[in-house]
Structures are given as structure tokens and as C-alpha cells.
1. Counting only helical runs of four or more DSSP H residues, what would the 222 nm mean residue ellipticity of the chain come to if each run contributes -39,500 (n - 2.57) and the total is spread over all its residues?
2. Please state, to two decimals, what the Cα-based radius of gyration of segment 82-199 comes to when divided by 2.2 N^0.38 Å (N = residues).
3. Pulled fully out, how much extra length does the chain show between LYS121 and ARG145, if you take 0.36 nm times their separation in residues and subtract their Cα-Cα distance?
4. Starting from the exponent 0.38 and prefactor 2.2 Å, build the expected Rg for segment 25-131 from its residue count and divide its actual Cα Rg by it.
5. Check each of the trypsin sites (Lys or Arg not before Pro) in segment 194-225 and keep only those in coil by DSSP with at most 10 other C-beta atoms within 10 angstrom; list them in order.
6. Set the bar at 21 Å for Cα to Cα. Now go through LYS180/LYS396; LYS266/LYS324; LYS70/LYS113; LYS282/LYS324; LYS70/LYS388 and name every pair that lies beyond it.
7. What is the set of long-range amide H partners of GLU39 at a cut-off below 5 Å, with H atoms built 1.01 Å from backbone N?
8. Students often get this wrong, so try it: which of [x] 231; [y] 213; [z] 301 is volume of the Cα convex hull per residue in Å³ as calculated from the structure shown?
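What follows is calculated from the coordinates using simple rules that are stated; it is not laboratory data. Keep in mind that this is a model prediction, so the values were computed, not measured. Here the Cβ positions follow ideal geometry from the backbone for every residue, glycine too, while neighbour counts run over all protein chains shown.
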Amino acid sequence: MFRILYLNWSSLRLLSVTYIGITILAITLPVMAQERVLEVWTHEFPPLQKGMIQKWIPEFEAKNPGIKVKLTAIPFAGVVSFDAKLLAALSGGEGPDLWDMGDWNYKTFIDNKFLAPFDPKIFGYASDQEMIEAYLPGTMDIFVRDGKVYGLFSEYNTLALFYNLDMFDKEGIPPLPADKPVSWKQIEEIGAKLRKTDPSGKLTQIGYQFGFFASFRSPQWYAQNFYALMRQYGQDDLYIDGKPAAYTEPVKKALQTIYDFTHTSKAYDPTFLTNWFADFPKGRVAMVLAGTWFVPAIKQNNPNVRFGVAPHPVVNPEDKATYKNIQWSWGWSVNANKPPEQQRLAQEFIAFMLGKKGETEQATWWFNNLGYTQPSRAFLESKAYADKLAADPWLKQWVDAFKMYEIKYVPHSYDEPGAALMRAIDRVVYDKMSPEESAKLLQAELQRLQ
């Protein structure tokens, strides 16, 4: 009898504890904060991913308990490129909460209502116009539609010429002038001298690297390299007055320059290149056009790399009409398909990374660590910006470039005309087709696209 009573009491005690546990659980669950996930996409660029993972994400999560930021890095070019994957996801009503992307995407993405307009108050501004005017004139144009802001700078950049000083010194080639561009012909001649093979005839280094090659087929770099040449030869775009204009002297001359570098002097070889950020600092490539972000990237492969920086080459250094360069931007944007509260959280994260009205600490970090320039008036007038230029004089090339050159955006890269341009350049580079014939085929393709 006693045993029966004990069992009953034990059962009762167990039941009581279980009941209390359930009660506590029932009380606790509703008040526990549910974790929110903020999904971020970027293109693969190791310094960017490192900065996000080691600084911006953990700092934002620490200040916002219950928020988890998930970062995904996608190859910029290749079979499944960043732009292609992003477009496919957004077209299907999916995709990340926020991402950074090139300026060439903004028109299409805004047209298709993929982007949520920013709330200027989240960034400390009273209005969209005040937000726009906080940046240098014209730089925000790519992000703005009907007075609304749909993106904010990840970077703003143009091109200058990096050259490997050790490779120049070894051949007795003097440093290039820093205050005046040299001609493309001179770059080609230097590049030819710096092409090297081993005793078996195997190529061991090349003189010049165009921004397109077999292992990295980026429409952005095809277009940027080509447009600078075409503009220097006197034509602003592949279209004139809205009509295709590819079978012209400037287009043929631009293609001829690429042909000569590849096949005549052999200063360039697209099949030799393996890694955009390793070939230069490891002495495989002597010269390359790039932006300010190039230095943080190459130093990850060789911290002791010695380099010089010169102005973007031109067709004729004695003719200021040939002083043409290009510009581009990458911007952070927010997914219009997400709920309003998620859009707001995404904008708060962007404001945390880039800074609010008048703040310069964030822009200074991006500039010092990645070479990313955000053209806000506050940052460009800051002591931190002046100090960085004093510490790294090569950065002055990007200050001077906007005074030295006529600089514009490239309108055709990741679109059908841009794809046709890639094919035209490929015919010259890989098939050794004459520039005349390739320009004729490009003209026919552009006409079919209309």
C-alpha cells in the first residue's frame, strides 16, 4: 500500500513539475524575441568580404540584438555571374534584402520596380534632395529617378595605370610620368619589352593586361577598356543620334589598338592570365588599368609589391581632345519585394556601414581599407581624406583625373549591345579577325537589335 502511495505521489510530483515546465514555457515563448535575418549579397572581392565579416556585420549585430546578417558572395563573372543570379532572383520575386551592384544595372532594375526607394530620414536627411546634394554634382544621377533615391555608393571610381616597379627596374625602364599621360603606342612598346618566355618558349610574363581575358569574362571590363579607346578616337558611344554607329573610324581604330597589343607586339595575351589580383603583384603582368581598390587587393597576394601609378594612357598626349576616361559606381540597394519592416532594417544597415548626414568615419574606413571612394562633400572635405592622400601620394591620380580628363559613365556593358561588343572584341582577340571585319559584323548586330 505504501509503495502504491509512493508511486502515486511520484507520478503526481512528476506531473506537477511537467505542468509547471509547460506553464513556464508557455509564458516565456511569446516574450522571446524572434531572430530576424538580413540577407546580403555581394560580388566576390576578398577585401570586401573580409571587411563585412570582420567589421560591419559583427558590429551591427552587436548593436542590434536579435538581428542576424547573412552574407553571400557570388563570382562577378563566369557561368553563373553575380549580375545574372541577382537578376534571376529579383525577377522571380525573391532575392536578398540588400546588395551592392554596378551602375549599369540601375536603369533596368528601377524600370522593373526591383528597388525600394530610400527613406532619407534613416540617413539623417530631411529630404531626398538634401541627400542628393550631399554628394558631388552629378555623381548621384545613376541612383535617382523622379527625385527618389534608389541606391547609395559602395564606391565611385575611374581608371589609372598601375605598373610593377620591379619589372620596370629589371629592364631598365624609367618610371612613367605622374603628371601627364603617355600614349598607347608607348605603353605597347614597353609592354613588348616586358614580354618574357623561358628557354622552352613558354610564356612567363606579359607587359600589359586588358580588363578581359579567358578566365574572367566580365562585360564591365570589356566595355570600360573599349569605351576609353573609342572616345579618345573621337566617338562617345556605339550609337549616334539613336542609331547604331559601329562601322566607323573610331570603333575600328579602338579595335585595331586591341588587335595590335594582342597580335602585333604581343604585349597582351588573354590566355596567359590567371588571377586579376595575383598576376600583377607576383610579377606575371607589368601594367594594368584599375581603380583605387586595386592596392588592397594585390597586397593580399604580395604585401611587399612595389608599384607606380600613372594617368590613364591616351591616343595623343599632345592633344587634349583625346584626354577621355570612364567612370563607374557600385551602389547598395534594397529589395522592393520585401516587407516594409525588412526594407527599413536593410536601410538601417546601409546607413550603419556608409554613415549618416555629415558622418565621415565610415567613408574613411572604406577608403583606407578597400580604396572605395564615396564622393560625399563631407568626406572629401575631411581631414581624414587629406591625411590619406598625404600618406599615399599615388591616390592623387584619382583627384587629378577628374580635372585632367573628360569622364563619363559607360552606357552599354551588361545589355544586348554590350554583349555584341564583347563578341566583336573576342573576334579580334581570339579569332584574329581584322578590326574592319569585326566592326562591320558589330554594326549588323546592333542594327538587328533595334
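1. Values: 18 runs with 188 residues, N = 450.
Calculated at 222 nm, the ellipticity per residue is -12500 deg cm²/dmol.
2. Rg over 2.2 N^0.38 Å, computed on Cα atoms: 1.64.
3. Taking 0.36 nm per residue and subtracting the Cα distance, the gain is 6.8 nm.
4. Numbers: Rg = 17.0 Å, N = 107, 2.2 N^0.38 = 13.0 Å.
Expressed relative to 2.2 N^0.38 Å, the Cα Rg reads 1.31.
5. LYS202
6. On the way: LYS180/LYS396 13 Å; LYS266/LYS324 25 Å; LYS70/LYS113 24 Å; LYS282/LYS324 30 Å; LYS70/LYS388 32 Å.
In this structure, LYS266/LYS324; LYS70/LYS113; LYS282/LYS324; LYS70/LYS388 lie more than 21 Å apart at Cα.
7. Correct list: LYS70, ASP97, LEU98.
8. Here the calculated entry is [y].
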